[in-house]
Amino acid sequence: MAARSFSSASTTIILLRSGRWRRTMRAAAFPFRVSCSAAAGGTVVIGLAADSGCGKTTFVRRLTSVLGAGTAAAAAPPWGGNPGSNTLLGDAATVICLDDYHSLDRAGRKERGVTALDPRANDFDLMYRQLKAIKEGRAVAKPIYNHATGLLDPPELITPPKILVVEGLHPMYDERVRGLLDFSIYLDISSDIKFAWKIQRDMAERGHSLESIKASIEARKPDFDAYIDPQKQYADAVIEVLPTRLIAAADDDGDEGKVLRVKLIMKEGVEHFAPAYLFDEGSTISWIPCGRKLSCSYPGIKFSYFPDTYFGHEVSVLEMDGKFDKLDELIYVESHLSNLSTKYYGEVTQQMLKHADFPGSNNGTGLFQTIVGLKIRDLYEQVVAERAASPPALAAVA
């Protein structure tokens, strides 16, 4: 594969080209707009992995809101670019979807009998080279996978942001790409809940039929088990969504699927990341909040905190089972949590109230996504401060 560089006073563009992309890049026109300038020392890269329909978009919206005022509302595809772009530009972060590194379009996958989850349908070499270039401060011409048409569109210009969030199926699959990540998250959704979420999203937003969704899930499961699910062992934080334990199976009247038990599994010993905890760090805690201070309807709310091991790693686990009735009362729970990386008292509650219409805002998914977003902001600030204090590296001379 050939590589060409185009430099100006403001930016350097790296085009990493194969024969297929050589044709499309000649026709592409790039809007030269920098979404947000990278801090001294390079871009901080965050990886977010999950299967399709597991809440990556909602997590990204919460994260970008934490990272910059107004970002959740303002995040949009590159100005003047392809309306089918999967990229979001925000005040402090750029979010790219790793579906853009599919090496086969929808028809090509069908012809070869592979799903998008299969590594053979993805270009990990290009993914690694481009993410490495962005982290080092160089702009790239990133391909676009058009979800509406199933085609591979001409590329778009991505300039180095302060924070680059790479979300998709495979951010931790390739060892080289995994090594570029400063922090990684995996969203682990149980099968029944994933099915319900995917139906809701794909029928409402993408116009798919119930039958096609069911067929897609069944066709994807072997590849999910082989290539996607194993990535959670590498994640620094895992948000695991499970059915509730507050409702006994014999008493279930159909509400069990609406009440979730959510775990935040936080790896110990990760640089720039201190796990949040409930009451007393390192202890084992089971807590049912006072009903006079936290309103909750049947079947109630229960919190837990405990040390554990996860794929051989020491972890701390926060767990919430149940749902909130009044989000403003979340401040009562927040006051008993520590190491949240908030900048002021009540910031978690404020973020949850700000996005009360987001999916999961009345249960542990929204709470733990918000906490992880705050931890990522803190990690970014620590990394930037550390890099700024380090002696600058000698610039390479071409």
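The values are calculated or read from the model by the stated rules, or taken from the named source; none is laboratory data. Because the structure is predicted, anything quoted here is derived from the model rather than measured. Here the Cβ positions follow ideal geometry from the backbone for every residue, glycine too, while neighbour counts run over all protein chains shown. SASA here: full protein model, heavy atoms, side chains in, ligands and nucleic acids out. Shrake-Rupley method; radii C 1.70, N 1.55, O 1.52, S 1.80 Å.
Observations on the model:
- Matching residues, the stretch 88-125, being open to solvent by less than 10 Å² (accessible area, probe 1.4 Å), in contact with a Lys or Arg (Cβ under 9 Å, 6 or more places away or on another chain) and in a helix (DSSP H, G or I): D100, Y101, A121
- Set side by side, the residues A235, A248 differ, and just one is surrounded by 18 or more Cβ atoms within 10 Å (Cβ to Cβ) and either over 25 Å from Y186 (Cα atoms) or touching a residue at least 12 places away in the same chain (Cβ under 8 Å) (or both), which is A235.
- Considering the conditions (1) under 23 Å from L63 (Cβ atoms); (2) within 23 Å of the chain's Cα centre (by Cα); (3) surrounded by fewer than 21 Cβ atoms within 10 Å (Cβ to Cβ), A276 is excluded by exactly one of them, (3).
- Residues that are closer than 30 Å to H208 by Cα and crowded, with 18+ Cβ neighbours inside 10 Å, drawn from the stretch 127-150: M127, K142, P143, I144, Y145, N146
- Test: residue in the stretch 203-219 that is open to solvent by less than 20 Å² (accessible area, probe 1.4 Å), within 20 Å of D100 (Cβ to Cβ) and either modelled with pLDDT under 90 or touching a Gly at 6+ places or on another chain (Cβ under 9 Å) (or both): no
- With a requirement of 2 or more residues that are in contact (Cβ under 8 Å) with a residue 24 or more places away in the chain and open to solvent by 10 Å² or more (accessible area, probe 1.4 Å), the helices (runs of 4 or more DSSP H) lying completely within the stretch 305-398 that satisfy it span 347-354, 364-389.
- Selection count, the stretch 290-312, where residues are closer than 16 Å to I239 by Cα and not small (G, A, S): 8
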